[in-house]
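Q: Just dropping this structure here.
The values are calculated or read from the model by the stated rules, or taken from the named source; none is laboratory data. As the structure is a computational prediction, the values presented were derived from the model and not from experiment. No Cβ is skipped: glycine too gets one built from the backbone with ideal geometry, and neighbour counts run over all protein chains shown. Side chains are part of the model used for accessible areas, which takes the heavy atoms of the whole protein and leaves out ligands, DNA and RNA. Shrake-Rupley method; radii C 1.70, N 1.55, O 1.52, S 1.80 Å.
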Amino acid sequence: MQVEEARYLKRKVKFSSIDVHPTEKALVVNYELEATILGELGDPMLGERKECQKIIRVKSLNPSSDLTTLAKEIIDKCKLIHPSKLLEVEQLLFYLQSRKDTGPPSKASGKTQLQENPEVPTYDATEIDEVANINDVDDYMELLYEDVPEKIRGSALLLQLSRNPDNLEELFANETIIGALARVLREDWKKSTELATNIIYIFFCFSSFTQFHGVILHFKIGALCMNILEHELKKYDLWNDELQKKKKLAESEKDNVKVKEDYEKSVKKFSELVKKQEQLLRVAFYLLLNLSEDLAVEMKMKNKNVVKMLVKCLERDNFELLILVVSFLKKLSIFIENKKEMSKENVISKLTKLIPCDHEDLLNITLRLLLNLSFDSDLRSKIVKFGLLPKLVGLLNNENHKMIVLCILYHVSMDDKAKSMFTFTDCIPIAMKLLLESPEKTDIELLSLCINLASNKRNAQIICEGQGLKMLMKRAFKFRDPLLMKMVRNISQHDGPTKNLFVDYISDLAEAMLQADNDDFGVEALGILGNLTIPDLDYELIIREYELIPWIKRRLEPGSAEDDIVLDVIILVGTVCNDDACAKLLAESNIIHCLIELLNAKQEDDEMVCQIVYVFYQMIFHESTREVIIKDTQAPAYLIDLMHDKNAEIRKVCDNTLDIIAEFDPEWAKRIQLEKFRWHNSQWLDMIETRQMDEMADQYYGDEGYDPYLQDTDILDRPDLFYGDAYENGYIMDGHLTPEYIDENGMYDGQPYEGQPYDAHGQPYMPYGYDGIDIQDGYEPYARPESNMGFIDERYGGTVDQYGRPIQQEYGMYQNGHGDEEDEYDFGYGGYDPR
């Protein structure tokens, strides 16, 4: 068909059916559109038929609405529906009226399916009745060049197309549309919130697919969205401030009806504005979230304060926006820089209102964010400070969140200060119930929390209340669970009534320790026995019954076992040495020599050294073993060497042990006292020794060639610093002349020169040291001797130093050249007086 043959276009609309919208309060009108191109004679040349939909939203529908009147209004405004369909429209409206709204789900009591990511926005910024057609894209693009209402309409139609993923490729191929949308957004986003929301939503649809990110970044849509978000948040602050002022005014003037009505009207307007703004915030943040897959882009967002914006949005009440904001914060929180920024913005205090909340998905994603933040010690302390601990404990019974909450509580329990706070919650009873009712393979998160809690004395007492310890021991031996035994070991380390409860299990623990050679369960049993410092316990009976001495000696041999096991064995030895008979038994079995060998082998291991020294300390208390340690071993000598160890605990135990040794042995007392004196006065002794070495060096080497550092001398004693080349070429000698007696040709030669000063008698003024001496006779005031011990003054025959000053004799006077009388002279610069 030739184009010029086409003369007419015939358009025919045929009604098909009407139905309700599946999710919204709206009617969906299905109709068929038939377009036919007619020739010059009116005959059809080309035809096309397409099925279309029109959505009629009835948001004003409520339980008290008059359905008949509303149905007539719909038929009058929508020409697609024939008046004969009035009854059908009324029935559909009745169905919509009685249908329950799909609001947020209620709080679940059991396990439900949670969404990991926030839902994709389903909001159309404008209420239009048209259905977009991909073939009319050019018409929609032309609308973007019109006024703001037409731009809103055109962007809304393009948004309809963009929400269908099948259309994205075709839209993306049209570079003109993408450029026009970017231009309109950049120029007109302040003019209309609806327009900005539509266009950002279109780019969000593209951002859902990575292959379109390049074009979005090319048009700098992300940076533009950051600017829009910053502007919108400032607008919200202004709106809120204005509303608060009107609220205060209304409260102060309660009798003024006009002021009250104005405030109510402002509240309603504020709600509408916030609702529109939150839709814009949601699509903009979602767009940025998709773009942040690239870490370089995410870093740029961080530099533009995206964290601060997100934390500020936590104050909103829109749960859909909150899910998105918390999801974004969770993604950002894996980097320490972002975590510090969140801490600076007090993110924990703003999360408290979301824990707990009725929306399960929001609560779940908030707990995941809190888990990421809980890796930071400062943020963990804020979790306790802002009262989140009891709220988290209350969520342990919710299957949806139990594992995440256990992880958060485990992190909090790592801090010693926070452990005591668990006593004011129901955490310990709930954790014990979960632990004892769990199957054989207990959750590692639950066991880790219980292990940390048991390291606090008050928590351990609560755990042992009733049959708590008995049930734990029964379960531990039944499943041979080493982690459960570690929890029991932490309980056993506390002094008080809880330690006496372990007396009934000593035989079981000893058998577990001997049977399990090197496995973790046996090591924990060994550790529990080492913690049982009970005064009334008969350790000798235990050692003899289970023949522990050969077992201990084998374990103390260097290289026979891992260091952790050896350390626990040493702790056990120190514990049983509380008993006099046990200490004697161990001393007679040569255990002390084994410990000394181990001390030599492991002298770099502070903890092992400290425990070995503690064993010596325990044995010194008993008279039966005191003589063995002092007379038969070199333990005191090792203790003296360790007396000044860098580890404070080792020094403390050594000092206490040596004090006891000094009390019972005079010879060792003298050695210990001498060593303490040397250590206490080491600085003074080092200073004396250093001075003696310096004096010996001066006598041997002399002074020549060993100039002092500049900061240790008078700068006037360094003429080389201001004489320059004359000093370096040997023209002058140190300290003889001052700079004003050196002419530009070198040193002064004794002849009058132009400008030379004269004294009061008309004689040329002579430099210091030349007074009364005939310079022309070739007199040299100072002759350097062969020795390097000083200079000789030929006039007086005395010895002078390198600066021309006479060297003082022992009697404090200066000896003249004749040796038969004593005079005092002033030498040096500036009236130097040796007196």
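Q: Please indicate, with yes or no, whether at least one residue in segment 403-426 is over 20 Å from L446 (Cα atoms), open to solvent by 20 Å² or more (accessible area, probe 1.4 Å) and outside any helix (DSSP H, G or I).
A: The answer is no, given that none of the residues of segment 403-426 is over 20 Å from L446 (Cα atoms), open to solvent by 20 Å² or more (accessible area, probe 1.4 Å) and outside any helix (DSSP H, G or I).
Q: So, in segment 628-650, exactly how many residues are open to solvent by less than 40 Å² (accessible area, probe 1.4 Å) and among the charged types (D, E, K, R)?
A: So the count comes out to 1.
Q: If I ask for residues that are of a type in the set (S, T, N, Q), surrounded by 12 or more Cβ atoms within 10 Å (Cβ to Cβ) and modelled with pLDDT of 75 or more, which ones from segment 7-48 would you list?
A: Answer for segment 7-48, where residues must be of a type in the set (S, T, N, Q), surrounded by 12 or more Cβ atoms within 10 Å (Cβ to Cβ) and modelled with pLDDT of 75 or more: S16, N30.
Q: Being over 36 Å from the mean Cα position of the chain (by Cα) and closer than 21 Å to F521 by Cβ, is that true of even one residue in segment 434-453? Full working, then the answer.
A: In the first step, residues of segment 434-453 are kept if they are over 36 Å from the mean Cα position of the chain (by Cα); the result is 437, 439-440.
Adding the requirement that they be closer than 21 Å to F521 by Cβ leaves 439-440.
Yes.
Q: Specify which of the listed residues (E272, E242) is outside the structural domain of T193 (by the TED database), acidic (D, E), part of a helix (DSSP H, G or I) and closer than 29 Å to L321 by Cα. Show your work before the answer.
A: Values: E242 fails: outside the structural domain of T193 (by the TED database).
Answer to the selection: E272.
Q: Something else about it: Scan segment 335-361 for residues that are more than 15 Å from R380 (Cα to Cα) and exposed (fewer than 14 other Cβ atoms within 10 Å of the Cβ) and jot them down.
A: Passing the criteria: E337, K353, D358.
Q: Can you pull out the helices (runs of 4 or more DSSP H) entirely within segment 290-351 that have at least 3 residues that are among the charged types (D, E, K, R) and over 28 Å from F270 (Cβ atoms)? Steps first, please.
A: On the way: elements: 295-303, 306-313, 319-332, 336-344, 347-351.
The qualifying helices (runs of 4 or more DSSP H) are 295-303, 336-344.
Q: Then there's this: Keeping to segment 382-402, report how many residues are open to solvent by less than 10 Å² (accessible area, probe 1.4 Å) and in a helix (DSSP H, G or I).
A: The total comes to 5.
Q: Give me a count of the residues in segment 614-627 that are open to solvent by less than 80 Å² (accessible area, probe 1.4 Å) and either of a type outside the set (G, A, S) or under 17 Å from L598 (Cβ atoms) (or both). Let's see the steps before the verdict.
A: Filtering segment 614-627 down to residues open to solvent by less than 80 Å² (accessible area, probe 1.4 Å) leaves 615-620, 622, 624-626.
Next, from what is left, pick out any that are either of a type outside the set (G, A, S) or under 17 Å from L598 (Cβ atoms) (or both): 615-620, 622, 625-626.
Of the residues in that region, 9 qualify.
Q: I'd like to check which helices (runs of 4 or more DSSP H) are fully inside segment 447-526 and have at least 3 residues that are touching a Ser or Thr at 6+ places or on another chain (Cβ under 8 Å) and open to solvent by 30 Å² or more (accessible area, probe 1.4 Å).
A: Numbers: elements: 457-463, 468-479, 482-492, 497-500, 506-515.
Qualifying helices (runs of 4 or more DSSP H): 457-463.
Q: Would you check if there is a residue in segment 237-253 being under 27 Å from P149 (Cα atoms) and open to solvent by 10 Å² or more (accessible area, probe 1.4 Å)? Walk me through it before giving the result.
A: Restricting attention to segment 237-253, the residues satisfying the condition of being under 27 Å from P149 (Cα atoms) are 238-239.
From the residues that got through so far, the ones that are open to solvent by 10 Å² or more (accessible area, probe 1.4 Å) too are 238-239.
Scanning segment 237-253, I find at least one residue that is under 27 Å from P149 (Cα atoms) and open to solvent by 10 Å² or more (accessible area, probe 1.4 Å), so the answer is yes.
Q: Right, next: Kindly indicate whether any position in segment 429-436 is modelled with pLDDT of 95 or more, crowded, with 17+ Cβ neighbours inside 10 Å and closer than 22 Å to T533 by Cβ.
A: no
Q: Kindly check whether there is at least one residue in segment 587-600 that is outside the structural domain of Q634 (by the TED database), among the aliphatic types (A, V, I, L, M), open to solvent by less than 60 Å² (accessible area, probe 1.4 Å) and free of Cβ contacts under 8 Å to residues at least 40 places away in the same chain. Spell out how you get there, then give the answer.
A: Filtering segment 587-600 for residues outside the structural domain of Q634 (by the TED database) gives none.
No: segment 587-600 contains no residue that is outside the structural domain of Q634 (by the TED database), among the aliphatic types (A, V, I, L, M), open to solvent by less than 60 Å² (accessible area, probe 1.4 Å) and free of Cβ contacts under 8 Å to residues at least 40 places away in the same chain.
Q: In addition: Might you check whether a residue that is of a type in the set (S, T, N, Q) and farther than 25 Å from E278 by Cα occurs anywhere in segment 376-392?
A: Going through segment 376-392, the residues of a type in the set (S, T, N, Q) turn out to be 377, 381.
Of the ones still in play, those that are also farther than 25 Å from E278 by Cα are 377, 381.
For segment 376-392, residues of a type in the set (S, T, N, Q) and farther than 25 Å from E278 by Cα: present.
Q: List every residue pair whose Cβ atoms lie under 9 Å apart, where the two residues are 6 or more positions apart in sequence or sit on different chains, the first residue falls within segment 10-31 and is under 12 Å from I81 (Cα atoms), and the second residue, located anywhere, is small (G, A, S) and open to solvent by 40 Å² or more (accessible area, probe 1.4 Å).
A: These pairs meet every condition: V28/S17; V29/S16; V29/S17; N30/S16; N30/S17; Y31/S16; Y31/S17.
Q: Could you identify the single residue in I596, I543 that is at pLDDT 90 or above and closer than 21 Å to T625 by Cα?
A: Numbers: I596 fails: at pLDDT 90 or above.
Criteria check complete, one pass: I543.
Q: Determine if segment 516-524 includes at least one residue that is among the hydrophobic types (A, V, I, L, M, F, W, C), more than 14 Å from A476 (Cβ to Cβ) and more than 41 Å from the chain's Cα centre (by Cα).
A: Filtering segment 516-524 for residues among the hydrophobic types (A, V, I, L, M, F, W, C) gives 516, 521, 523.
Imposing the further condition that a residue be more than 14 Å from A476 (Cβ to Cβ) reduces the set to none.
Checking segment 516-524: not a single residue is among the hydrophobic types (A, V, I, L, M, F, W, C), more than 14 Å from A476 (Cβ to Cβ) and more than 41 Å from the chain's Cα centre (by Cα).
Q: Moving to a separate point now. Within segment 602-613, can you find the residues that are open to solvent by 60 Å² or more (accessible area, probe 1.4 Å) and not in a loop (DSSP other than H, G, I, E, B)?
A: The answer is E607, and nothing else.
Q: Check T126, T112, T68 and return the single one that is among the polar types (S, T, N, Q) and modelled with pLDDT of 70 or more. Write out each step before concluding.
A: Numbers: T126 fails: modelled with pLDDT of 70 or more; T112 fails: modelled with pLDDT of 70 or more.
Being among the polar types (S, T, N, Q) and modelled with pLDDT of 70 or more holds for just one of T126, T112, T68, which is T68.
Q: Ok, one more. Working only within segment 170-205, note down all residues that are open to solvent by 20 Å² or more (accessible area, probe 1.4 Å) and hydroxyl-bearing (S, T, Y).
A: Quick first cut of segment 170-205, residues open to solvent by 20 Å² or more (accessible area, probe 1.4 Å) only: 170, 172-176, 179, 183, 186-187, 189-191, 193-194.
Once the filter is applied, which keeps residues that are open to solvent by 20 Å² or more (accessible area, probe 1.4 Å) and hydroxyl-bearing (S, T, Y), segment 170-205 yields T176, T193.
Q: Counting just the residues of segment 159-199 that are assigned to a helix (DSSP H, G or I) and among the basic types (K, R), which one comes out nearest to E278 (Cα to Cα)? If you could, list the steps in order and put the result at the bottom.
A: Going residue by residue through segment 159-199, those that are assigned to a helix (DSSP H, G or I) are 159-162, 165-173, 175-188, 193-199.
Keeping just the survivors that are among the basic types (K, R) gives 183, 186.
Working: R183: 23, R186: 20 Å.
For segment 159-199, the residue satisfying everything is R186.
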